[in-house]
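What follows is a short report on a single structure.
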Amino acid sequence: GADSTGSSPLRSLPAQCCLGLFVLLLLSEGWALAAFYAAWLYLDRHTPARGGRRSAWVRAWPVWRHFRDYFPITLVKVADLDPRRNYVFGFHPHGVLVAGAFGNFCTEATGFRALFPGLTPHLLMLPFWFRVPFFRDYIMSGGLVSSEKASASYLLSREGGGQVAVIAVGGPPEALEARPGAFTLQILSRKGFIKMALQHGAALVPVFSFGENELFNQVPNPEGSLLRTVQERLQKALGLALPLFHARGVFQYSFGFLPFRRPIHTVVGAPISVPRTPNPSREAIDQLHKIYLESLVQLFEDHKVQFGVPENKHLNLI
């Protein structure tokens, strides 16, 4: 299946608030409203895998412009994308917050619609989050959809084109590599998105978000350390990454859980044309994966100096 955005405590806090609100309703005089919503939740359970339920109004909220300007976040276009085709955007790196993916593809703050007319972006997120009352409706309004295989297939099989499945390829495990100056991508064994693109003949587009790993410091967790072992076991058991991160506070800059104000430049690369192959062979998947990696590395090398990465820094693909 497809990989996806996972978790961070910054994302789980609003989810916990929504869950708390639902429980409070259930235990109060609002129990009938909670029961009605629970029934609606059941009837609506397939929507996150069928394109979601986006809201142009929510995506245009003024608060997203403040979110954009905090870092700030900039969307950079390399090539025109034909709106008659469907696309798989591979987003790298995952980072702790996936701020670039959210700001660029789940809001209109950075001008996606103006840069790529006729395209509708959908950011894929772990199915778990779409089971949280109220929170699911909020995230769907921004254009988030479930990362289950059926969800990406639904988007990429739409006639007429214009659909974009945005996949954080490294998934939750890559969040454990996120720290300033790090360019490690978990991608060598990630081929589900390649197979998906082949099955539907969707063009592949590498996307690199410069600055994504600069937003938080992370407690050292080298491979083999006790902390890393616990994090990896939790990730396998829960499907959620739990990086121990810290950055700045509201009124002081030495410690806190707000991200650092560091610029993010999300560069959308040129499309890789993909022939529709309903039953792709392992060789076809491996060959396209190799082409994708070459395009991704080239995208990084072409833009790194412009966006503050030293000439001697290169991607570390694992």
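The values are calculated or read from the model by the stated rules, or taken from the named source; none is laboratory data. Fair warning: this is a prediction, and the values are worked out from it, not measured in the lab. Here the Cβ is made from the backbone with ideal geometry for all residues, glycine too, and neighbour counts use every protein chain on show. Just so you know, the surface numbers come from the protein's heavy atoms only, side chains and all, with ligands and any DNA or RNA stripped out. Shrake-Rupley method; radii C 1.70, N 1.55, O 1.52, S 1.80 Å.
Here are the numbers:
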| read-out | value |
| --- | --- |
| Label point distance in nm, residue 317-residue 251, each placed 7 Å from Cα along Cα→Cβ | 4.9 nm |
| Furthest towards positive pole of dipole, 48, 67, 30, structure part the chain, Cβ charges | 30 |
| For residue 317, distant residues with modelled amide H under 5 Å away | 185 |
| DSSP beta bridges in the chain [antiparallel fraction, %, rounded to 5] | 25 percent |
| Residue 196 - accessible surface, heavy atoms, 1.4 Å probe, Å² rounded to 10 | 10 Å² |
| Cross-link pairs beyond the 29 Å C-alpha cut-off, checked among 236/304; 149/236; 77/236 | 236/304; 77/236 |
| Fraction of accessible area attributable to carbon and sulfur, segment 199-258 (%, probe 1.4 Å) | 68 percent |
| GNM top mover of 238, 19, 176 - the chain, alpha-carbon springs below 10 Å | 238 |
| Residue order for 177, 148, 214 - accessible surface, 1.4 angstrom probe, largest first | 148, 214, 177 |
| Centroid-to-centroid separation of segment 206-221 and segment 142-159 [C-alpha atoms, Å] | 26 Å |
| Inter-label distance for residue 290 and residue 32, nm, one decimal - labels placed 7 Å from Cα along Cα-to-Cβ | 6.7 nm |
| Ranking by accessible area, most exposed first, for 108, 283 with a 1.4 Å probe | 283, 108 |
| Candidates 94, 46, 265, ranked by Gaussian network fluctuation over the chain, Cα under 10 Å, top entry | 46 |
| In Å², nearest 10: area of residue 195 left accessible to a 1.4 Å probe | 80 Å² |
| Test item: Cα-centred dipole of the chain, Lys/Arg +1 and Asp/Glu -1 on Cβ, debye | 380 debye |
| Neighbour net charge for residue 143 - beta-carbon separation under 14 angstrom, K R +1, D E -1 | +4 |
| Accessible-area composition of segment 141-197, carbon plus sulfur, in percent [1.4 Å probe] | 47 percent |
| Distance between segment 91-139 and segment 23-60 - C-alpha centres, whole angstrom | 19 Å |
| Solvent exposure of segment 162-225 as accessible area per residue, Å², 1.4 Å probe | 24 Å² |
| Lys, Arg +1 and Asp, Glu -1 on Cβ, resulting dipole of segment 234-315 about Cα centre, debye, nearest 20 | 380 debye |
| Rounded percent of accessible protein surface that carbon and sulfur make up, segment 79-126, 1.4 Å probe | 56 percent |
| Difference of contour (0.36 nm per residue) and Cα-Cα distance, residue 128 to residue 114 | 1.8 nm |
| The chain: calculated mean residue ellipticity at 222 nm from DSSP helix runs of at least 4, using -39500 (n - 2.57) | -11000 deg cm²/dmol |
| Within a Gaussian network of the chain (alpha carbon springs, distance under 10 Å), most fluctuating of 293, 126, 198 | 293 |
| Cα gyration tensor shape of segment 193-318, rounded if a/c is under 1.5, else prolate or oblate by comparing a/b with b/c | oblate |
| Counted charge near residue 262, where neighbours are those whose Cβ lies closer than 12 Å (Asp, Glu -1; Lys, Arg +1) | 0 |
| Label point distance in nm, residue 226-residue 70, each placed 7 Å from Cα along Cα→Cβ | 3.4 nm |
